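Undergrad: The following block contains the structure, expressed as structure tokens.
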Amino acid sequence: MFTKNTSLIIPTKNRSDQIKELINKLFFLKLEFSEIIIVDSSNINHSEKNKEQCQKYNLSYYHTKASTSYQRNFGLTKIKLNNFVM
């Protein structure tokens, strides 16, 4: 499947419940991305919840300033060499 050579970047802000749901669905569907990077600009309450979820599933987690474009570009700097990025 193409996802084994794909990095997934997820920019988010104040959506800890939706991130938890997304992560659970990705694992339920057995989508095996080579890496999943969460780039978060949430306030402290959501940020802590997101960080805990990422640690639970061994995902990369970064907290940055609020800007979807900045978060996406920041995520691009953190990926390993892959054929595809989503």
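The values are calculated or read from the model by the stated rules, or taken from the named source; none is laboratory data. Only a predicted model underlies this, so the values are computations on that prediction, with no experimental measurement involved. Glycine gets a Cβ as well: all are built from the backbone with ideal geometry, and neighbour counts include every protein chain shown. Keep in mind that these areas ignore ligands, DNA and RNA; they rest on the heavy atoms of the full protein, side chains included. Shrake-Rupley method; radii C 1.70, N 1.55, O 1.52, S 1.80 Å.
Undergrad: Name the residues in region 50-86 that are within 17 Å of residue 6 (Cβ to Cβ), in a helix (DSSP H, G or I) and charged (D, E, K, R), would you?
TA: Once the filter is applied, which keeps residues that are within 17 Å of residue 6 (Cβ to Cβ), in a helix (DSSP H, G or I) and charged (D, E, K, R), region 50-86 yields 72, 78.
Undergrad: Quick one: residue 53 ticks every box in (1) touching a strand residue (DSSP E or B) at 6+ places or on another chain (Cβ under 9 Å); (2) open to solvent by 70 Å² or more (accessible area, probe 1.4 Å); (3) of a type outside the set (Val, Ile, Thr) bar one, so which box is it?
TA: (2) is the only condition that residue 53 fails.
Undergrad: Checking residue 13 against (1) open to solvent by 40 Å² or more (accessible area, probe 1.4 Å); (2) more than 12 Å from the chain's Cα centre (by Cα); (3) in contact (Cβ under 8 Å) with a residue 12 or more places away in the chain, which test does it fail?
TA: So the condition that residue 13 fails would be (2).
Undergrad: Among the residues of region 70-86, what is the count of those that are within 17 Å of residue 15 (Cα to Cα) and without any contact (Cβ under 8 Å) to a residue 24 or more places away in the chain?
TA: Of the residues in region 70-86, 0 are within 17 Å of residue 15 (Cα to Cα) and without any contact (Cβ under 8 Å) to a residue 24 or more places away in the chain.
Undergrad: Hey, another quick one. So, residue 58, is that one modelled with pLDDT of 85 or more, polar (S, T, N, Q) and either in contact with a Pro (Cβ under 6 Å, 6 or more places away or on another chain) or surrounded by fewer than 18 Cβ atoms within 10 Å (Cβ to Cβ) (or both) or not?
TA: Criteria not met by residue 58.
Undergrad: Under the condition of being of a type in the set (Val, Ile, Thr) and closer than 18 Å to residue 5 by Cα, which residue from region 27-49 is most open to solvent (accessible area, probe 1.4 Å)?
TA: 36
Undergrad: Take residue 47 and decide whether it is at pLDDT 85 or above, polar (S, T, N, Q) and in a helix (DSSP H, G or I). So that I can check it myself, show each step before the final result.
TA: Details: at pLDDT 85 or above: no; polar (S, T, N, Q): yes; in a helix (DSSP H, G or I): yes.
So residue 47 does not fit the description; no.
Undergrad: Would you check if there is a residue in region 44-58 being within 14 Å of the chain's Cα centre (by Cα) and among the β-branched types (Val, Ile, Thr)?
TA: no
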